[in-house]
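> To start, I am sharing the structure in question, which I have written as structure tokens.
The values are calculated or read from the model by the stated rules, or taken from the named source; none is laboratory data. From a predicted model like this one, the values you see are computed outputs, not experimental measurements. Cβ coordinates were reconstructed from backbone atoms using ideal geometry, including for glycine residues, and neighbour counts include every protein chain displayed.
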Amino acid sequence: MAGFSNYFVVEFIGAVFALICAAYIYLKYVAYKYWSWKNIDFAKPVVPLGNLWPVVSVSTSIGELFRDIYLEFRKSRVVGVYMFHKPALVVNDPDVIRFILTKQFANFHDRGVYCNEKVDPLSGHLFSIPGAKWKFLRTKFSPTFTSSKMKQMFFTVQECSEKMVEFVSPLAKNRELIEVKDLVARFSTDVIASVAFGVQCNSIENPNAEFRSYGRKVFRPKPWINIVGLLAPSLLNVFSISSVDADVEKFFLSAFMETVEYRTANKVARKDFLDLIIQLMNKGYIENDDKKLSQLSEFDSQKITALEGAAQAFVFWLAGFETSSSTVTNCLYELALHQDIQDKVAEEANRVLGESGGMSYNGVKEMRYLYKVVSETLRKYPAVPILNRECTAEIDLPETGLHVEKGTAIIVPVYGLHNDPEIYPDPEKFDPERFTEENIAGRHPYAYLPFGEGPRNCIGMRFGLVQTQVALASLLSKYRFMPGPDFKVPMVLDRGNVGVSPAGGMTLRIELR
């Protein structure tokens, strides 16, 4: 009997070894020949991860990987890469990028990232959802980010910024060290929790507030999930793996549903993002003084479901929280290094605040130098370092000689474009003057893509910018930031997350102006 068992063990090991050998041969001599057969330049892959080993081993970030591929092959309009076993196309040329993102959007309307509403209902949001449902939700939610709606939500941003300024006052009086990344994350948490979930969590005063705790959990480094969800989502779908932990999903769904039920039962109306979601759930449209009931179409009356509403609140929280907090943190890092630029921002902020009688939506728009500084921060440290698209209908790419097949993953290397010395001379230098009207006009419009472009650009771009600018203007008008004792130049990046942000926080010294 023992001999019989040993025989089967040997047979099993032999079969596994044969499968591994077959897989290796297939990948090396078939799958990884795809771009050679297409006569396209490509980055050399390694079996079985393709070009992803540096990210999987956390020796580099996703943004850095594609930045380096871009810089190595920037003379090529397109570059082939391999995401595990699948070929993908990195698009370097701004004209081809415009063709994909805008001109021929119909052939590239999906991101091709992870979305599985059955396993992970919170994944069914505007960032990831494909096809007709994306178009339906995008059309429904576009009116939520008009100037008038932004002004209605501005009070919440202003109120949270005042609490942040008050909180750091005693620290500034004593010239203490402050963990900027955590402080700004708590500010962003308070803004988004209030605007998107109707919850006053006060994490500025209470760092252990529930929303802040779950925020840390959502954004803790998850290299494998991040890589697979962005670049090989089919693997998550095959194994029915959720990108969101079960307790996180339960918390956000409960927070959303409970507030919706309370507001509905008590007829509570607040001029915030959640109120607009409730309107879409109850009526199918957002009230607009310019549109009469008699003008409403059949599409207007189509309502969204509660789960669809919860998913949009969740992605609004994700995007508004992470992008704004990382951008403010990265900006303060650069301003601590460049005190002359910091002084110019402070002078402008105090002048405008004095003329406006305090913080206001229109006043923030008048802070043009601050806008340049934020733009240069997003140039050097883009919150979203790559853009994903998927070819949804085969097409020829102009000036490349390439026929792109349906299902091909497309990657736009934003971090690479933003660090191209031929587009941005001396790219490591922090220079807000790159964003004068003259310099902007002299560059290709698709060489600067912090919020994407085309019909699938970031719908909450303006809200994110306002939130970022208010935080910076509020802090810099009263306080000066200087390097702390563990300040590192250049910045050491967190390679476990998708965005471009400092590893291990950002400690700066703060003092009164």
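> Out of (1) part of a helix (DSSP H, G or I); (2) free of Cβ contacts under 8 Å to residues at least 24 places away in the same chain, the odd one out for Phe167 is which?
All conditions pass for Phe167, except number (2).
> Please go through (1) modelled with pLDDT of 90 or more; (2) under 23 Å from the mean Cα position of the chain (by Cα); (3) not basic (Lys, Arg) for Gln279 and return the number of the only condition it doesn't satisfy.
Of the numbered conditions (1) modelled with pLDDT of 90 or more; (2) under 23 Å from the mean Cα position of the chain (by Cα); (3) not basic (Lys, Arg), the odd one out for Gln279 is (2).
> In region 208-234, which residues are assigned to a helix (DSSP H, G or I) and at pLDDT below 75?
Pro223, Trp224, Ile225, Asn226, Ile227, Val228, Gly229, Leu230, Leu231
> So which residues in region 106-124 are under 20 Å from Glu453 (Cβ atoms) and crowded, with 16+ Cβ neighbours inside 10 Å, if there are any at all?
Asn107, Phe108, His109, Asp110, Arg111, Gly112, Val113 - these are the residues of region 106-124 that are under 20 Å from Glu453 (Cβ atoms) and crowded, with 16+ Cβ neighbours inside 10 Å.
> Moving to a separate point now. In region 230-268, what count of residues is obtained for those that are surrounded by 11 or more Cβ atoms within 10 Å (Cβ to Cβ), over 20 Å from Gly496 (Cβ atoms) and of a type in the set (Gly, Ala, Ser)?
3
> Could you say which residue among Lys151, Lys133 is basic (Lys, Arg) and either over 30 Å from Arg480 (Cα atoms) or at pLDDT 95 or above (or both)?
None of the other options fit; the residue is Lys133.
> Does Ser188 satisfy being assigned to a helix (DSSP H, G or I), closer than 24 Å to Ser254 by Cα and under 20 Å from the mean Cα position of the chain (by Cα)?
Criteria met by Ser188.
> Now for a separate question. Looking at this structure, is Val404 among the β-branched types (Val, Ile, Thr) and within 25 Å of Glu334 (Cα to Cα)?
No: the conditions fail for Val404.
> Within region 165-176, identify whether any single residue is crowded, with 18+ Cβ neighbours inside 10 Å, under 26 Å from Val498 (Cβ atoms) and among the β-branched types (Val, Ile, Thr), and answer yes or no.
No, that holds for no residue.
> Further, regarding this structure: Could you grab the pairs with beta carbons closer than 6 Å, sequence gap of 6+ or different chains, first residue in region 245-267 and in contact (Cβ under 8 Å) with a residue 40 or more places away in the chain and within 13 Å of Tyr214 (Cα to Cα), second one assigned to a helix (DSSP H, G or I) and of a type in the set (A, V, I, L, M, F, W, C)?
The qualifying pairs are Glu249/Leu122; Phe252/Phe314; Leu253/Ala310; Ala255/Phe197.
> Considering region 49-68 alone, what residues qualify as being outside any loop (DSSP other than H, G, I, E, B) and either of a type outside the set (A, V, I, L, M, F, W, C) or crowded, with 21+ Cβ neighbours inside 10 Å (or both)?
Listed by number, the residues that qualify are Gly50, Pro54, Val55, Ile62, Gly63, Glu64, Leu65, Phe66, Arg67, Asp68.
Let's see how each residue does on (1) at pLDDT 95 or above; (2) out of contact with any helix residue (DSSP H, G or I) (no Cβ under 9 Å at 6 or more places or on another chain):
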position: Gly442; (1), (2): yes, yes
position: Cys458; (1), (2): no, no
position: Pro483; (1), (2): yes, no
position: Glu511; (1), (2): yes, no
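Yes/no matrix, rows are residues, columns are (1) touching a Phe, Trp or Tyr at 6+ places or on another chain (Cβ under 6 Å); (2) among the hydroxyl-bearing types (Ser, Thr, Tyr):
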| residue | (1), (2) |
| --- | --- |
| Phe17 | no, no |
| Tyr26 | no, yes |
| Asn39 | no, no |
| Ile62 | no, no |
| Phe73 | no, no |
| Gly80 | yes, no |
| Leu89 | no, no |
| Asp93 | no, no |
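> Kindly list the number of the only condition in (1) at pLDDT below 95; (2) charged (D, E, K, R); (3) not in a helix (DSSP H, G or I) that fails for Lys44.
Of (1) at pLDDT below 95; (2) charged (D, E, K, R); (3) not in a helix (DSSP H, G or I), only one is false for Lys44: (1).
> Only one of these is under 27 Å from Cys115 (Cα atoms), buried (at least 16 other Cβ atoms within 10 Å of the Cβ) and of a type in the set (Lys, Arg): Arg138, Arg216, Arg212. Name it.
Result: Arg212 is the single residue among Arg138, Arg216, Arg212 that is under 27 Å from Cys115 (Cα atoms), buried (at least 16 other Cβ atoms within 10 Å of the Cβ) and of a type in the set (Lys, Arg).
> Kindly indicate whether Glu399 is modelled with pLDDT under 95 and touching a Lys or Arg at 6+ places or on another chain (Cβ under 9 Å).
Spelling it out, Glu399 is indeed modelled with pLDDT under 95 and touching a Lys or Arg at 6+ places or on another chain (Cβ under 9 Å).
Quick grid of which residues meet (1) modelled with pLDDT under 90; (2) surrounded by fewer than 17 Cβ atoms within 10 Å (Cβ to Cβ); (3) assigned to a helix (DSSP H, G or I):
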site: Asp289; (1), (2), (3): yes, yes, no
site: Glu298; (1), (2), (3): yes, yes, no
site: Ile304; (1), (2), (3): no, no, no
site: Ala313; (1), (2), (3): no, no, yes
site: Phe321; (1), (2), (3): yes, no, yes
site: Ala336; (1), (2), (3): no, no, yes
site: Glu355; (1), (2), (3): no, yes, yes
site: Gly358; (1), (2), (3): no, yes, no
site: Asn362; (1), (2), (3): no, yes, yes
